[in-house]
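The values are calculated or read from the model by the stated rules, or taken from the named source; none is laboratory data. The structure presented is a predicted model; accordingly, all values stated were derived computationally and were not measured. Cβ sites come from the backbone with ideal geometry, for glycine too, and all protein chains shown count toward neighbours. Heads up: the accessible areas ignore ligands, DNA and RNA and are worked out on the full protein's heavy atoms, side chains in. Shrake-Rupley method; radii C 1.70, N 1.55, O 1.52, S 1.80 Å.
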Amino acid sequence: MKDITTSSVGEMADDDLRGKTGGINKPQPDRDRTSSSSRVLHRSLVSQPETVTSASGSYITLSTGQRILDGCTGAAVAIIGHGNNEVQAAVQEQMSKVSYAHTLAYTTGSAEALADLLLRDRPHGLCKAYFVCSGSEAMDSALKLARQYHVEAGQPQRTRIVSRRQAYHGNTVGAMSVGSNVARKAPYLDVLTLPNVSYVSPAYAYRGQREGETEEAYAARLVQELDDEFRSLGPDTVMAFVAEPMSGATLGCVTAPRGYFQGVRRLCSKYGILLILDEVMCGSGRSGTYFAFEQEGDGVYPDLLTLGKGLGGGYAPIAGVLVHEKVIDGFKSGSIVHGHTYQAHPVSCAASLAVQQVLRRDNLVQRCADKGKWLEEALRSELGDGKFIGDIRGRGFFWGLELVADRATKEPFAPTMHVASRVVQEAKNIGLAVYPGTGTADGTRGDHVIVAPPYNASDAELDDVVRLLKAAYGVVERDILAGKTS
């Protein structure tokens, strides 16, 4: 770390912030940032987001001239950074050959090559890939494939889906229904959500593990709760159980206790329930293994696996479902009753293929594993003693910091204090992008910040991520202690 070990959290001088980001780097006013200046329907109707004019490597540059170190790669997306020439060349070459082909009648070399690369040697029994344009589409597709599997198996009564509270699986109606992000679902409850979904507890040790309870006992209790839910519904009515091997935006990089997913896999196999693992955010190497579930113990595998974000690295919209041979063998009709216009889009597949080739050639998943240990140590060393840092958790290049009003009681901050957003804004002011999360504790209360840098970020850039995040957090800590509530 660069000269920050002698500074306590929240006490860095402005001079300490001068480095690769070019000093304090406060944003300049943008005269165009008004809600009426854009005809794009942005997420906010009050203010317009700042314009990115260029991006290269681990940095993005705004129209104000501010240069931002992308410490969260958007939403854990840009795994090999921005502006990679090899990916650009692959996209251009594919467009010069064929830019679109309808998959009802045709396939393309880029789609076939991408599937071959991902599924060479049938990893964990996964043998087919279904490419779509977003993680939400991937989850919807996984649910429909699961349903068709059971119908063709002569079990049409399997209509129930079990998921976990405090989970996010996408924004389409189907994906949103199996998720449980309270804020994102609130406007659509009882109107645009499926009625056949029930929920069990998240694997969230910071708030769920009882005092004196071992990790193994906690895992066993969660598995028993899932078994009880299956039995309550009637196991032969359950179509699938859906879970993230590592939680994404809703909980912020929470890992399951040892033995949990092994128990889940045993239950699903016992009752003939399909296990859908959502690795849209935590997969594609982000956790330090290509598939996040590979760290969950022997015997753990999904029947359907969703990938996204890192699959294309942000160079083109793409996500996918990887399907286990057991499911493929169950499709006796010989056809899939599901399709999209832009399914397996050749340009998106070409971009993804190039990203995945860089990932493998440069051994970047192993870098996530190796440097992820350094990142954990650095975050714990530099921010672990922060007065409002309740928990630091994650793996690889996927780390969450939960912010609490009281470390002893784990009491969350009042939502009106917007603590996560304040940390993110202070970080941006000094040239760092990190990802905010709210509702962490119970869907309404709670704050966290996610760090998810590019896999090929340099050692100096990783050092800057921690250094600048510490400084940003320190500003917010001082403000709260001084009585500033927003």
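Which value, in Å² and to the nearest 10, is the accessible area of Tyr301 when all protein chains are kept and the probe is 1.4 Å?
60
Kindly state, to the nearest 0.05, the FRET efficiency for Asp370 paired with Asp190, given R0 = 56 Å and r defined as their beta-carbon distance.
So the FRET efficiency works out to roughly 0.70.
Charges only on Cβ, +1 for Lys and Arg, -1 for Asp and Glu: so what's the dipole of region 64-222 about the Cα centre, in debye to the nearest 20?
Magnitude of the dipole: close to 500 debye.
Quick one: net charge around Asn84, please, counting Lys, Arg +1 and Asp, Glu -1 for every other residue with C-beta under 15 Å from its C-beta.
Once positives and negatives cancel, what remains is -2.
Which listed residue (Gly390, Val355, Ser134) has the Cα farthest towards the positive end of the charge dipole for the chain, taking +1 on Lys and Arg C-beta and -1 on Asp and Glu C-beta about the Cα centre?
Ser134
For the modelled label position 7 Å from the Cα of Gln224 along Cα-to-Cβ, which residues of region 255-295 have backbone nitrogen atoms closer than 18 Å?
Residues 257-268 fall inside that zone.
Tell me the label-point distance for the pair Ala460, Thr51, using the 7 Å Cα-to-Cβ offset, in nm and rounded to one decimal.
Here the answer is 3.1 nm between the modelled labels.
Can you tell me how much longer the chain between Leu41 and Glu216 gets when fully stretched, taken as 0.36 nm per residue apart minus their C-alpha distance, in nm with one decimal?
Contour length minus Cα-Cα distance gives 58.2 nm.
Which whole-number value in Å² is the accessible area per residue of region 353-392, probe 1.4 Å?
On a per-residue basis, region 353-392 sits at 45 Å².
If you line up the long axis of helix 85-97 against the longest principal axis of the chain, both from Cα atoms, how many degrees apart are they, to the nearest 10?
Result, in degrees: 40.
May I ask you to give the percent of accessible area on region 347-486 that is carbon plus sulfur, with a probe radius of 1.4 Å?
In region 347-486, the share of accessible area belonging to carbon and sulfur is 48 percent.
Report, to the nearest 10°, how far helix 109-119 tilts away from the longest principal axis of the Cα atoms in the chain, using its own Cα long axis and a range of 0 to 90°.
Roughly 90 degrees, rounded to the nearest 10.
Leaving out ligands and nucleic acids, and using a 1.4 Å probe, what accessible area per residue does region 201-335 come to in Å²?
Per-residue accessible area for region 201-335 comes out at 32 Å².
Would you be so kind as to identify which of Ser198, Ala111, Ala146 lies farthest towards the positive end of the dipole of region 92-204, taking Lys and Arg as +1 and Asp and Glu as -1 on Cβ and the Cα centre as origin?
Ser198
For Thr444 and Ser381, FRET efficiency with R0 = 30 Å and r from the beta-carbon atoms, rounded to 0.05?
With R0 = 30 Å, the Cβ-Cβ based efficiency is 0.40.
When the chain is fully extended, how far beyond the present Cα-Cα distance does His340 get from Ser421, taking 0.36 nm per residue of separation?
That pair, His340 and Ser421, stretches by 25.5 nm at full extension.
What is the sum of charges, Lys and Arg at +1 and Asp and Glu at -1, for the other residues whose Cβ falls under 13 Å from the Cβ of Ala354?
Overall, the nearby charge balance is -1.
To check my understanding: the extent here is largest minus smallest coordinate of the Cα atoms along each principal axis. What are those three numbers for region 320-478, in Å, largest first?
Principal-axis extents of the Cα atoms in region 320-478, largest first: 62, 37, 27 Å.
If you place +1 on the Cβ of every Lys and Arg, -1 on the Cβ of every Asp and Glu, and leave all else neutral, what size is the dipole of region 310-372 about its Cα centre, to the nearest 20 Debye?
Result for region 310-372 is approximately 80 debye, rounded to the nearest 20.
Between region 44-96 and region 367-383, what is the separation of their alpha carbon centroids in Å?
24
Listed here are the pairs Lys373/Lys410; Lys128/Lys373; Lys97/Lys128; Lys387/Lys484; Lys387/Lys470; Lys185/Lys470; which of them are more than 23 Å apart at the Cα?
From Lys373/Lys410; Lys128/Lys373; Lys97/Lys128; Lys387/Lys484; Lys387/Lys470; Lys185/Lys470, over 23 Å: Lys373/Lys410; Lys128/Lys373; Lys97/Lys128; Lys185/Lys470.
PRE reach from Ser201 (point 7 Å along Cα→Cβ): which of region 222-238 fall under 19 Å by backbone N?
222-233, by backbone N distance to the label point.
For a quick protection proxy, order the peptides 189-201, 212-224, 417-429 by their average other-Cβ count within 10 Å, most packed first.
Highest to lowest by the protection proxy: 417-429, 212-224, 189-201.
Given a 1.4 angstrom probe, I'd like the percentage of the accessible area of region 297-344 that is carbon and sulfur, rounded to a whole number.
Ligands and nucleic acids excluded, carbon and sulfur give 52 percent.
Just for the chain, what percent of DSSP beta bridges are antiparallel, to the closest 5?
Around 65 percent of the beta bridges assigned by DSSP in the chain are antiparallel ones.
By how many nm would the segment from Met95 to Ala153 lengthen if fully extended, with 0.36 nm per residue of separation less the alpha-carbon distance?
16.8 nm
Which peptide among 476-482, 74-80, 336-342 comes first, and what is the full order, when sorted by highest mean count of other Cβ atoms within 10 Å?
74-80, 476-482, 336-342
Need the list of aspartates and glutamates near Lys326 for cross-linking: C-alpha distance under 17 angstrom, and skip anything on the same chain fewer than eight residues off.
Asp121, Glu152, Asp303
When the accessible area of region 77-140 is computed with all protein chains present and a 1.4 Å probe, what percentage of it is carbon and sulfur?
For region 77-140, the apolar C and S fraction of the accessible surface comes to 49 percent.
Mind jotting down the distance between the C-alpha centroids of region 120-183 and region 447-466, whole Å?
31
Evaluate the charge dipole of the chain about its Cα centre and quote only its size in Debye, nearest 20, assuming +1 on the Cβ of each Lys and Arg and -1 on the Cβ of each Asp and Glu.
780
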